[in-house]
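What follows is a single structure, written as structure tokens, with notes after it.
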């Protein structure tokens, strides 16, 4: 084990597993698990760690599963932090928001600071006071980390601008696409565009739904992701008012193989977010050679460069025009099938692993 480095793999056996954080932690964990014994860190796992790499050095942590409704669940962070302090690693690698144990050297994988950038969307209101307080306490502690491993230049800039991090302690460690499974599963017979991921406020599905109303049938919108009931109801109501609810397929979370099939068969993958930390849906679509229409935001441009077509995240007419072009112009798909995979190859988990281990070495040598 590399100088008693402890990597937090607990997100792989929690709700994070089905989200972008799960994909990021899985990619890092598998890369680190493949290192030689003298370089490989130990892994902190949740429960039996069914989804974590099987390595010789694994430490399990468990916590109660009861909580107070409408309040942040305190058990995972409190239990993990206490357990980590008991293990006393030389270096702890935090891989989830709001976990930064005190009293030991730490590096933090920082995905984004979107709640801090848009506090009215994420942190305002009486019902969010406890969550907002916990988030702000964590942000104040971020500059204490020995290094912040930011997944994009945009996140790195936000770490300095919003969290007051010392630029000398910030490193950019890009992610890569998860291994693509064999496509399998049902896909619509009609042409469709695909949006995958959460429904948090910054995901901004509204212009895509409105754009669908400006385009003729049989075009459909297929959406997948791990969603809460309230946000699905809001989306259904919006689609109903736009007159396109019958053309929107809300599939929820689907297996990776079916998502691959849906991606492969889509007219285009749409990513209308107002802000992102990285942009895995963009990268996955480019790897599959599928046209991408994305919001014109820094992190999405970092990933896609000149591959996607970029639109203002609030310009419905622009989204409608871009979708129509991808649907009606065969040259758009031909260009994506050539340029997308070559761009996606510039991101690899081998490179991510290399940069992470360089960060470990830098901190341990200081």
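The values are calculated or read from the model by the stated rules, or taken from the named source; none is laboratory data. These figures come from a predicted structure and were not determined experimentally. Cβ atoms come from the backbone with ideal geometry, glycine included; neighbour counts cover every protein chain shown.
Worth a mention:
- Pick from segment 309-329, criterion in contact (Cβ under 8 Å) with a residue 40 or more places away in the chain and surrounded by fewer than 18 Cβ atoms within 10 Å (Cβ to Cβ), ranking: nearest to the chain's Cα centre (by Cα): 314
- Residue within segment 357-366 that is in a helix (DSSP H, G or I), without any contact (Cβ under 8 Å) to a residue 40 or more places away in the chain and over 21 Å from residue 28 (Cα atoms) present: yes
- Residue count for segment 81-95, restricted to those that are in contact with a helix residue (DSSP H, G or I) (Cβ under 9 Å, 6 or more places away or on another chain) and over 22 Å from residue 27 (Cα atoms): 1
- Residue check for residue 98: within 20 Å of residue 278 (Cβ to Cβ), modelled with pLDDT under 80 and in contact with a helix residue (DSSP H, G or I) (Cβ under 7 Å, 6 or more places away or on another chain): yes
Conditions (1) modelled with pLDDT under 95; (2) crowded, with 22+ Cβ neighbours inside 10 Å, marked per residue:
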position: 147; (1), (2): no, yes
position: 160; (1), (2): no, no
position: 179; (1), (2): yes, no
position: 193; (1), (2): no, yes
position: 198; (1), (2): yes, no
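- Of the criteria (1) within 21 Å of residue 114 (Cβ to Cβ); (2) under 20 Å from the mean Cα position of the chain (by Cα); (3) surrounded by fewer than 16 Cβ atoms within 10 Å (Cβ to Cβ), which one residue 164 fails: (2)
- Boolean, residue 174 is outside any strand (DSSP E or B), at pLDDT 95 or above and under 30 Å from residue 105 (Cα atoms): yes
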